[in-house]
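Participant: Here's a structure for you.
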Amino acid sequence: MQTGSSVADVFRITACLLFPTRQACQAGGIAMSVIRIAPPQLRTKESEGHRTATWLELFYDLAFVVAVAVIAARLIADVTWPGVVSYFGYFALLWWLWASHTYYADRYDTDDLVYRLLAAGQMVAVVVIAASLSPEAAGSTRAFAYGYAISRWLLVVMYVRAFRHVEETRDLVKGYLTGFGVAAVVWTASAVVPDNLRIALWVAALLIDLATPWVMRQEQARVPLDVSHLPERFGLFTILVLGESISAVVMGLGHAVWALIPTTTAAVGIGVATAMWWLYFDNARGSVVRRDASVRRTWRPTVWIYTHLLLAGGLAASGVGIEIAVARSGQGPMPSPERWLLVGSVIFVFLALALIQMAAIPDPASSGRQIVLARILGVPFLLIIGLLSDLEAQWVAGGVLGVCVAELIADMSSSEGIDGETGIPDD
C-alpha cells in the first residue's frame, strides 16, 4: 500500500509540473507553499516601491558569464577586422537575449515555479550557445541557431502567460508576441538552411526583434519600466563584463613569466577596469527608463537602454586588450591590431558613457554636461596613444590608465556630485 501511495504521489507531482495550474496542484494534494504557482502580474506600478534583483536573476546571469568568456576567447584568437566584427555580432546577439528576458522580468516576474522552469530552460539554451561558439569540436553555427531559437520560443511562452493573466497590458504583449514570434520562426528556419544563408537570417531575425519594441513604444509608455529594478539589472550586467577584465589580468599573467614589468602591467590593467567601473557607477542615473505616456516622442529612454549594448561590448573587448597587453609586456612594440583593440575598445566605452550621460541628464546647465564633454575630450588622447606604433604593451596600458585617471579627476572636480540612480546632488 505504501508503494502504491508513493507512485500516486509521483504522478500527482508530475501532473502539477507538466500542467502547473493552481487547480491541478491542489487536486493532487500538493501544497502551494511547496510548489508556488503565481501567474504573471504587472510589477512596474508606482505602488510596487523599490525593487531589487532576485536570486534567480543573479543565477540566470551566470550562464552569460560563461558565454561572454567564450566570445572573448574567440577574439583573443583572432584580433583582425573580421574577428572584431564577429565578436561584436555575437556579443550583440547575446546581449539582446539577456536584455529581452530582463524586460519581461522587470514587468511580470513573480518568481513562481513556471517562471523558474522557463528561465532554467533559457539557461540551458545559453549554455548550448556558448558551447557552439567554442573553437573546439563543439563549434557550430547550426547549434548556435538551435540554442538561440529555443531561448526565443521560451520567451514567447513567458509572454503567452502574461497575455493570459495581465489584462491591462494585452495590447503591448500582443505586439510582442507577433514580433518575437515571427523572429523565433526565422531563428528556427536558420538552423535548417544551408550555411551560406544562415547569417542573413540571423540578421533578419535580430532586426525584427529590435524593431518590435520600437513599434510598440507608445504602448510601452503606458506600461513603464521600473526605475529601480531595471537600472540595477543593467548595472549588474556591466559588473559582469567588467569581471572579464579581472579574469583577463589573471589569464595574461598566466602567459607571462613572473617579473616586474608584467606584474606592473597587470596592476595597470586592474586600474583601467576600476576606473571604468568608477566612471559608470558614479554617474549612473536610471530614472530615464520610465517613459512618460503624455510625451509622444522622446529619444532618451531608447538611447539610455541600447547604448548599454555598446558599453558592455566595449568593456568586454577592453578586457581582451588588457589580457594581451599583460602577456606581451616587455616584449617590444605592441602589434598594431592588438594596440588598437585596447585603445579602440576604451574609446568605444568613453563614447557610450557620453551617450548614456546625455540621455540621463536633460538639464544643459547640469554637471552632467561637463561629464559628457570630459568623455569626448578623452577620445583624442586615446587616439594619440593608438597612433604611437613604437609603444610597448606596458606603455600602451599605462597611457590608457592615465587618460582614465584624468577622466576621474575631471568628474570629481565638477561643480556638483551626482547620487547614483536618483541623480540627487550630493551635499
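No lab work stands behind these numbers, since they all come straight from the coordinates. Remember, it's a predicted structure, so these values are computed and weren't measured experimentally.
Participant: Distance from the Cα centre of segment 215-283 to that of segment 118-139, in angstrom?
Facilitator: That distance is 23 Å.
Participant: At 0.36 nm per residue, minus the direct Cα-Cα distance, what do VAL160 and ALA189 gain on full extension? Give it in nm, one decimal, please.
Facilitator: Once the chain is fully extended between VAL160 and ALA189, it gains 8.3 nm.
Participant: Still on this structure, please answer the following. For GLU392, which sequence-distant residues (separation of 5 or more, or a different chain) have an amide H within less than 5 Å of its own amide H, given hydrogens modelled in the peptide plane?
Facilitator: Under 5 Å from the amide H of GLU392 lie the amide H atoms of MET334, each far enough along the sequence or on another chain.
Participant: Further question on the same structure: Please state, rounded to one decimal and in Å, the Kirkwood hydrodynamic radius that segment 243-283 gives when every pair of distinct Cα atoms enters the mean of 1/r.
Facilitator: 10.7 Å
Participant: Convert each backbone phi in segment 104-118 into a coupling constant with the Karplus relation 6.51 cos²θ - 1.76 cosθ + 1.60 (shift: θ = phi - 60°), then list the ³J(HN,Hα) values in order as whole Hz, x for Gly and Pro.
Facilitator: 4, 4, 4, 8, 10, 4, 10, 6, 9, 4, 5, 4, 4, 5, 5
Participant: What percent of all Cα-Cα pairs in segment 33-123 falls into each 5 Å bin, going from 0 up to the bin containing the maximum distance?
Facilitator: 3, 12, 19, 19, 15, 11, 9, 6, 4, 2, 0
Participant: Let me ask something else. Taking all pairs of distinct Cα atoms, average 1/r, flip it, and tell me the Kirkwood hydrodynamic radius of segment 46-222 in Å to one decimal place.
Facilitator: Taking every pair of different Cα atoms in segment 46-222, averaging 1/r and inverting gives 17.0 Å.
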